[in-house]
Amino acid sequence: MRRLAGLLFILASAAFSLAALSLGPAPNSRLLPRPQIASEQNLAVVVNLSNPVENLSMPELRRIFLGERSHWPNGRRITLVMMEPGQPERAVVLRDICQMNETDFNNHFLHGVFTGEVLVSPKTLATPVGVRKFVFNVPGAIGYLRVSDLDPTVKAVRIDERGPEDKGYRLHVPPRTAK
Amino acid sequence: MNGQNKRARRRTLAGPAAPLDRVLALASPYNSSLLLLIVFLIVIAIGRFVIRDLHTTNVEAQKMYAGSVLGLHRIGELQYQAQETRRSTFYALTTSNSNLQLEYADQSREADHRVNEGISEYLLQARMPNEIEVGKRLQRDWSEYLSVRNEVLASILEGITNEAVTLDLKGGAPAFERVRQDLEEIKRLYDEQASQQLANVAATSRRSIFRLIGVLGITLALASASVWAIQRSKMLGAIQLAKLQMEFVASVSHELRTPLAVISSAADNIADGLVGGKDQLKRYGSAIQNQCRQITELVNQILLFASTKDRKYRYTLRPLQVSQIIDSVLDSTAELVQEIGFVIERRIESGLPCVMGDLSALSQCLQNLIVNAVKYSGESRWIGIRAFVHDSEERSSKEIRITVQDRGMGIDRLEMPHIFEPFYRGAAVTAAQIHGTGLGLSLAKSIAEAMGGTLSVVSELAVGSIFTLHLPIVEKQESEMASVTSKPDPSIRK
């Protein structure tokens, strides 16, 4: 009976992994910048105004978003803010920065917190306004917003020396669909 | 009260009178409205203090409301918003929902924003050094609390509640306590100011009440004094009028008694058969005739005066040659002048323009002046009559001046203002037993004014007097029109 249950678990895990892989392209293909479609907006990575960081490289950003880096250079604790699953902004971050799908991302943090490699799991907020407010209130927070959602209460950091308004910026998000 | 009585009362100054009565006599020519106006002005002058006090009270009350009552309200609001800032921060601790935590964070920030605004407003309005000091201290303490509150909020949002609680206990609670004490201090200052201003308002109100009572009292006293003064003034006027009337009756009786005595004596002599011969009888008849004429003239003058004062008399105005007027006067007075051996020097400029007037009235006017000159000339027995054109002092045009000059006793400077008053007779004249009614000059003046002219006098004691009749010149067209029609125009009847 135990053997049967173990077999079923292995089969289910394999099926789940196959399904997850089939949702997106191969990891290697995501390393190259994806050309921007005309209707797309850029997605800015934002931090608190008091944060001295101005520029982050894509690998640094990946480490931060995967919880592998816990503090900013000024000693402040890094708090990651994510939007709820299903939001296009979150999908872009998972795809272009974390290079993971939703499941891998969740598993990564479950595993990290369990092993103690990750100190704090990401905060999840429902709206861009919530993200903006959170980043405004928490000095060590980092999140992401469409360029159209930016305002002076938060600061957009450059990625690989390119700001959200610059040509060649790597993070693009499809337009919002009217509900 | 007519002008006659008023002027008569003014003359009481000459006689012995109480100082108060003299003052009343001075005020008596003016009607009671003037007295009431003075009272009214005094009351207004004092009332201004009351109005000023009321205004001050009002301003003090407004200042108290704006400075203290509103201030206390603002401090109450500040205390509430400060508590709200802290309370909302704590509410964020009670949930793990990040969206809800953000709502509480927003509420806390809104409240702290209102506190900052309130502190700034307080500092703007603070004037006293202690107010400014405590305001700045509050600003500093609030800023310190907010920096701790921000850290607490950040910890709560990060999900590290233990750290948030620790931060608040270590830094937030003491900082907030300092803020609370600062607010209490400001409240105490407002309380002190309110008490001080309340005391000021009370003091001003008390002063206003005292002054109001004072004004009412003074008004009552002045009104009573005014009523008394008016009554007293009326009484003095009535007494003086009665006295003048008696004097007038005595004077007229005296004037009548002399001719009556002559008539009576002549009549007795004729009746007793003492008058013999036609010539003697003729002389007696002439004497009786003269005396009768004098009595008639006296009675006429009194009646004329009465009619002019009642404004019943009507003059028929028409252009007159000056020489015509003077000739008429000299004719009527010729007998009198010749009888007592007077010389009349007559100088009339040639080609004088016409004057508008009533011949009979103007003759009467000049006759009165000549009779006076005869009466008061003394031994000089000379009268000068001149007529000439002169620039008018009152009007821009020219005027005719007719002067009657004598070299008699003259008029005292002190009596000059009164000589045209009816019934007035100078002390020297009375002492010299020169008979008269005191109506001649008054009548002459009335006539001159009715003709649109004036009567003036220049006199010096023991040198003589010059009475001048000023008459306006008739416009040329008017003069020509008047000469064409012999019928008097009703429109120029006065």
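If the condition is being at pLDDT 90 or above and out of contact with any Leu (no Cβ under 8 Å at 6 or more places or on another chain), then segment B:386-405 contributes B:R386, B:Q405.
Here is a yes/no grid of residues against (1) out of contact with any Leu (no Cβ under 6 Å at 6 or more places or on another chain); (2) modelled with pLDDT of 85 or more; (3) under 30 Å from B:R407 (Cβ atoms); (4) in a helix (DSSP H, G or I):
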| residue | (1), (2), (3), (4) |
| --- | --- |
| B:Q280 | yes, yes, no, yes |
| B:R283 | yes, yes, no, yes |
| B:N290 | yes, no, yes, yes |
| B:N300 | yes, no, yes, yes |
| B:F305 | no, no, yes, yes |
| B:K312 | yes, no, no, no |
| B:P319 | yes, yes, no, no |
| B:D327 | yes, yes, yes, yes |
| B:L330 | yes, yes, yes, yes |
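For segment B:92-107, the candidate set comprises residues that are surrounded by fewer than 18 Cβ atoms within 10 Å (Cβ to Cβ) and assigned to a helix (DSSP H, G or I); within that set, the residue that is farthest from the other protein chains (Cβ to nearest Cβ) is B:L93. Of the conditions (1) within 30 Å of A:T79 (Cβ to Cβ); (2) surrounded by fewer than 22 Cβ atoms within 10 Å (Cβ to Cβ), B:A154 satisfies every one except a single condition; which number is it? Only one criterion is unmet by B:A154, namely (2). Selection of strands (runs of 3 or more DSSP E) fully inside segment A:79-179 by the criterion of at least 3 residues being away from chain B (no Cβ under 14 Å) and surrounded by fewer than 21 Cβ atoms within 10 Å (Cβ to Cβ) returns A:154-159.
Rundown of residues vs (1) aromatic (F, W, Y); (2) modelled with pLDDT of 85 or more, yes/no style:
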site: B:R22; (1), (2): no, no
site: B:L26; (1), (2): no, no
site: B:N31; (1), (2): no, no
site: B:F49; (1), (2): yes, no
site: B:K63; (1), (2): no, no
site: B:A66; (1), (2): no, no
site: B:L70; (1), (2): no, no
site: B:Y91; (1), (2): yes, yes
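Among the residues examined, B:Q245 does not qualify as within 29 Å of B:A431 (Cβ to Cβ) and either modelled with pLDDT of 85 or more or crowded, with 16+ Cβ neighbours inside 10 Å (or both).
Table: residues versus (1) surrounded by fewer than 18 Cβ atoms within 10 Å (Cβ to Cβ); (2) in contact with a Pro (Cβ under 8 Å, 6 or more places away or on another chain); (3) outside any strand (DSSP E or B).
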position: B:M409; (1), (2), (3): no, no, yes
position: B:P417; (1), (2), (3): yes, no, yes
position: B:F423; (1), (2), (3): no, no, yes
position: B:V429; (1), (2), (3): no, no, yes
position: B:Q433; (1), (2), (3): yes, no, yes
position: B:S442; (1), (2), (3): no, yes, yes
position: B:S456; (1), (2), (3): yes, no, no
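Somewhere in segment B:137-155, is a residue of a type in the set (G, A, S), touching a residue at least 60 places away in the same chain (Cβ under 8 Å) and within 14 Å of chain A (Cβ to nearest Cβ)? Within segment B:137-155 (the criterion being of a type in the set (G, A, S), touching a residue at least 60 places away in the same chain (Cβ under 8 Å) and within 14 Å of chain A (Cβ to nearest Cβ)), the answer is no, since none of the residues qualifies.
Would you please list the contacts, defined by Cβ atoms under 6 Å and residues six or more apart or on different chains, that run from a residue in segment B:177-202 that is closer than 16 Å to B:Y80 by Cβ and assigned by TED's automatic domain parsing to the domain that holds B:P129 to a residue that is buried (at least 16 other Cβ atoms within 10 Å of the Cβ) and among the aromatic types (F, W, Y)? Note: pairs meeting the criteria are B:V179/B:W142; B:V179/B:Y145. Remark: pairs (first residue in segment B:439-463, of a type in the set (D, E, K, R); second residue modelled with pLDDT under 90 and in a helix (DSSP H, G or I); Cβ separation under 7 Å; 6+ apart in sequence or on different chains) are absent.
The values are calculated or read from the model by the stated rules, or taken from the named source; none is laboratory data. From a predicted model like this one, the values you see are computed outputs, not experimental measurements. Neighbour counts are summed over all protein chains in view; Cβ atoms, including those assigned to glycine, are modelled from backbone coordinates with ideal geometry.
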